[in-house]
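The values are calculated or read from the model by the stated rules, or taken from the named source; none is laboratory data. All values derive from a computational prediction rather than experimental measurement. We place every Cβ from the backbone using ideal geometry, glycine too, and count neighbours over all the protein chains shown. Quick note on the areas: whole protein, heavy atoms, side chains included, nothing else; ligands and nucleic acids left out. Shrake-Rupley method; radii C 1.70, N 1.55, O 1.52, S 1.80 Å.
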Amino acid sequence: MITDLDLLRREIIELLPVRDEFVKVNLGYGPSRVGAFTIPTATGTEPKYQLRVIH
């Protein structure tokens, strides 16, 4: 199940048009925001992102 969640998280992040800021989305019950924010990592490595959802 954790593997499935990681896959879904990556797919959602790939759909977002920008990084490190929120995008407004309509989930049907009021204003919501979704964003992918950079997590600090060691220099020279691929950036990692944290998915944040505000509803």
### Task
Of the numbered conditions (1) within 14 Å of the chain's Cα centre (by Cα); (2) acidic (Asp, Glu); (3) open to solvent by 70 Å² or more (accessible area, probe 1.4 Å), Asp4 fails exactly one; give the number of that condition.
(1)
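For every residue, the table says whether it meets (1) acidic (Asp, Glu); (2) on the phi < 0 side of the Ramachandran plot; (3) in contact with a Phe, Trp or Tyr (Cβ under 8 Å, 6 or more places away or on another chain).
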{"position": "Pro17", "(1), (2), (3)": "no, yes, no"}
{"position": "Asp20", "(1), (2), (3)": "yes, no, yes"}
{"position": "Phe37", "(1), (2), (3)": "no, yes, yes"}
{"position": "Gly44", "(1), (2), (3)": "no, no, no"}
### Among (1) open to solvent by less than 100 Å² (accessible area, probe 1.4 Å); (2) modelled with pLDDT under 95, the one test that Ala36 misses
(2)
### Task
Answer yes or no as to whether Arg9 is of a type in the set (D, E, K, R) and in contact (Cβ under 8 Å) with a residue 40 or more places away in the chain.
yes
### Query
With respect to Glu21, is the statement that it is modelled with pLDDT under 95 and exposed (fewer than 13 other Cβ atoms within 10 Å of the Cβ) true?
no
